[in-house]
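First the structure, in the form of structure tokens, and then the observations on it.
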Amino acid sequence: MDFIVAATLKAIKELYQTDIPEASINLQETRKEFEGQVTIVTFPFVKVSKKSPEQTGIEIGTFLQNELAEVSGFNVIKGFLNISLSDAYWLEQLHSRVLADDFAVFEPNGKRVMVEYSSPNTNKPLHLGHVRNNLLGFSVAGILAAAGYDVIKTNLVNDRGIHICKSMLAWQKFGHGETPESSGMKGDHLVGKYYVLFDKEEKKEISSLVEIFKELQKIIPGFQAEKLGGQIAILETATAENDMQAFKRGLLIFKTNVQNIINYNNNVETYELFGEFVDRVNNSLTNQIAEMLLDWEDSNRPNHGNIIELWKTMNSWVYAGFAETYKRLGVSFDKFYYESNTYLLGKDIIEEGLEKGVFFRKPDNSVWIDLTDEGLDEKLVLRSDGTSVYMTQDMGTAQLKYNDYHMDKSIYVVGNEQDYHFKVLFTILKRLHKPGADGLFHLSYGMVDLPSGKMKSREGTVVDADDLIDEMEQTAKEQTELRGKLDGFNEQERLQLFHTIGMGALKYFLLKVDPKKRLLFDPNESVDFDGHTGPFIQYTHARIRSVLRKAGEINTSIGKLYHNPAREERDLIVLLLQFPGVIKQGAEAYSPALIANYIYELAKIFNKFYHELSILSADDEPSKQFRLQLSYATGNVINKGLKLLGIDAPERM
């Protein structure tokens, strides 16, 4: 529409003897209830025209109709000038642009973008939240690549930390040598089983310790019992809220208080009970986990080698399971990063920050940064025992990624519960003057709920990604069989079709919503062949391919003889021409929802065209060949749009 902008500038210059900036010309798509395809907002021009918005619109519209052969008419509704472009213009656009091989193909823009998504923990399988993350990241990467960016798709694997130790310790204590092969379970499911088991056993153990606390309270008199009772309340609250950090802090204070009371009372019964308490604490899962983490991070400790070997073995099980799930989801990565390789670099950055005065060390030897002047708070970056926290390794990872690729933009696809974490991370990296710090972006997205409620992985009630895919395939099978359109499909083709439809339903449902919004996912609603769904769009594509197969070869020369398009045909051309702009907007907003909703509208318009106008039984050959060309162009755009969402477009359904 650049020619309309240029002509409008000329109109204002000649009509009102004034030059205005190009940015003041606002073009919009004409609303469906009005005649026209392009609307110019005239309110900004009244200052120079000295006339009403309506009169200004009439004068500019008349000028454009006389100036441009492409303008066939106009109408003015208040401050909106609605322009109708000629049939010849739209037909020429279809033949010269939409049907061209390079339609919606962007030249490389010389900018490099990294998109980091998935970011799983190696202590459990992928779940529904991971599914939205993976699909969102993969689609955003595809849209950016289509818009001309050099894109690197990365996966940062959280393969270290206290949560990984939980699965490892539980397997050591309760696994009896179980493997994926011996159990018949996927490796990630097997490791996740022991993560859940650890949580259950730890809770039982803590409850037992609380009972000892209560016994101690009974045999300690007076004000000392009241003091101890306060500590018990803290520990019980921490247990109820599953706050292990608060529990461990309370445990340390409690132990100190009990020891002081025992020393003061010199009571034999108390000594014996305290001895049992100390033994249980020293051998508790909570204590063993802390020791395992130290063994893992300190190569000088005698058990370091054994822990590393166990970690490698269990991780290999998990990675094999992840690979299978990623394949079923249809997502891929160019580069994997592992937090076990980045936390040491993060510690080096902390030393650098201490030297620069960006960080400070507290008396207990922990390292912090004060961000209160930016509306944040003081943030721990290294524990007092020298072990790293998430922030430590995230700093190291950011540095390593930039060293590898020197990208202009680095996008983190992470749920909105981590909004504060990334504000802190980006602020720290900017204070350290790290290269690439100004190009960091957190693509924050909302959580996914099911009709039954929010997922909770710690209780083992997480909606597993593999189970979800199975359910989607089964739902697709049931819906497809109800429609009775499986003639000609062999068993293997049927299974592939159920997978294609099921995944199309899942992906479209999760991607059609703006990433920032929380959504409620209903598997049955997502596989509605007549709704705002992926299967509806897939079915439209299959319908187009069926028409084209029946028609055989398209004669483009005869199709160009068609000169009188119906409104349904013109509407399709107008919408098809918007596709490159939608790709550009989707890339700028990091939003697959723009692509998803565009191809849904395109599928709706095509189906209206299909039902209103005959294609294969058209009145004459030019009409038939033109409509075949239009169908071919629509099918191509739907196919490309679905691919940008990571969705396959079946040839038949």
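The values are calculated or read from the model by the stated rules, or taken from the named source; none is laboratory data. For clarity, every value in this text was computed on a predicted model and none was experimentally measured. Quick reminder, even Gly has a Cβ in these numbers, built from the backbone with ideal geometry, and neighbours come from all protein chains shown. The protein model used for the area step is the full one, side chains on, heavy atoms only, and it has no ligands, DNA or RNA in it. Shrake-Rupley method; radii C 1.70, N 1.55, O 1.52, S 1.80 Å.
Judged by the mean number of other Cβ atoms found within 10 Å, the most tightly packed of the peptides 420-427, 30-37 leads the ranking 420-427, 30-37. Sorting 146-158, 76-88, 367-379 by their mean Cβ neighbour count within 10 Å, with the most densely packed peptide first, gives 146-158, 76-88, 367-379.
For the chain, the fraction of 1.4 Å probe accessible surface lying on carbon and sulfur atoms is 49 percent.
Treating r as the C-beta distance of Asp19 and Ser52 and R0 as 25 Å, the FRET efficiency rounds to 0.70. On the basis of the beta-carbon distance and an R0 of 45 Å, Asn607 and Phe336 show a calculated FRET efficiency of 0.60. Can you tell me the orientation of helix 268-282 relative to the chain, as the angle in degrees between its alpha-carbon axis and the longest Cα principal axis, to the nearest 10? Compared with the principal axis, the helix lies near 40 degrees. A simple charge model with +1 on the Cβ of Lys and Arg, -1 on the Cβ of Asp and Glu and nothing else charged puts the dipole of the chain at about 620 debye relative to its Cα centre. In this calculation the C-beta distance from Asp348 to Lys643 is compared with R0 = 35 Å, giving a FRET efficiency of 0.25.
Relative to the longest principal axis of the Cα atoms of the chain, helix 567-577 runs at roughly 50 degrees. Could you work out, for the stretch 4-60, what percent of all Cα-Cα pairs fall into each 5 Å distance bin, beginning at 0 Å and stopping at the bin that holds the largest distance? In whole percents, the pair-distance histogram is 4, 19, 31, 26, 13, 6, 1. Only Cα sites of the stretch 512-638 enter the Debye sum here, all with the same form factor; the resulting log10 I(q)/I(0) across q = 0.18, 0.23 1/Å is -0.98, -1.36, listed in q order. Note on the stretch 363-487: Cα convex hull, mean projected area over all directions, 13.5 nm². Going down the table (Lys204/Lys517; Lys356/Lys401; Lys186/Lys477), which pairs top 27 Å between alpha carbons? From the list (Lys204/Lys517; Lys356/Lys401; Lys186/Lys477), the Cα-Cα distance tops 27 Å for Lys204/Lys517.
Would you be so kind as to identify which of Ile12, Ser316, Ser139 lies farthest towards the positive end of the dipole of the chain, taking Lys and Arg as +1 and Asp and Glu as -1 on Cβ and the Cα centre as origin? In the chain, that residue is Ile12.
Once the Cα atoms of helix 390-405 and of the chain are each reduced to a long axis, what angle between those two axes, in degrees from 0 to 90 to the nearest 10, is obtained? Taking the Cα atoms of the chain, the angle to 390-405 is about 40 degrees. The length gained on full extension between Arg97 and Ser444, counted as 0.36 nm times the residue separation minus their Cα-Cα distance, comes to 121.3 nm.
The alpha carbon gyration tensor of the stretch 121-189 gives principal lengths a ≥ b ≥ c with a/c of 1.5 or higher and a/b greater than b/c, which makes the shape prolate. Once divided by 2.2 N^0.38 Å, the Cα radius of gyration of the stretch 408-561 becomes 1.47. Rg/Rh for the stretch 60-177 stands at 1.36; both radii use Cα atoms, and Rh follows the Kirkwood definition. Taking all Cα pairs closer than 8 Å and separated by 6 or more residues, the relative contact order of the chain comes to 14 percent. Summed over the residues of the chain and divided among them, the accessible surface reaches 46 Å² per residue at a probe radius of 1.4 Å.
Dipole magnitude for the stretch 522-653: about 380 debye, using +1 per Lys or Arg Cβ and -1 per Asp or Glu Cβ, origin at the Cα centre.
Over all distinct Cα-Cα pairs of the stretch 463-547, the Kirkwood formula returns a hydrodynamic radius of 13.4 Å. Label separation (Arg328 vs Lys516): 3.4 nm, computed from points 7 Å beyond Cα along the C-beta direction.
Taking amide H as placed 1.01 Å from N in the peptide plane, Ile152 has its amide H under 5 Å from the amide H of Val113, Met114, Val115, each at least 5 places away in sequence or on another chain. Here, the chain yields an orientationally averaged convex hull projection of 38.9 nm² when only Cα atoms define the hull. Here the sum of -39500 (n - 2.57) over DSSP H runs of 4 or more residues, divided by the residues of the chain, equals -19500 deg cm²/dmol at 222 nm, to the nearest 500.
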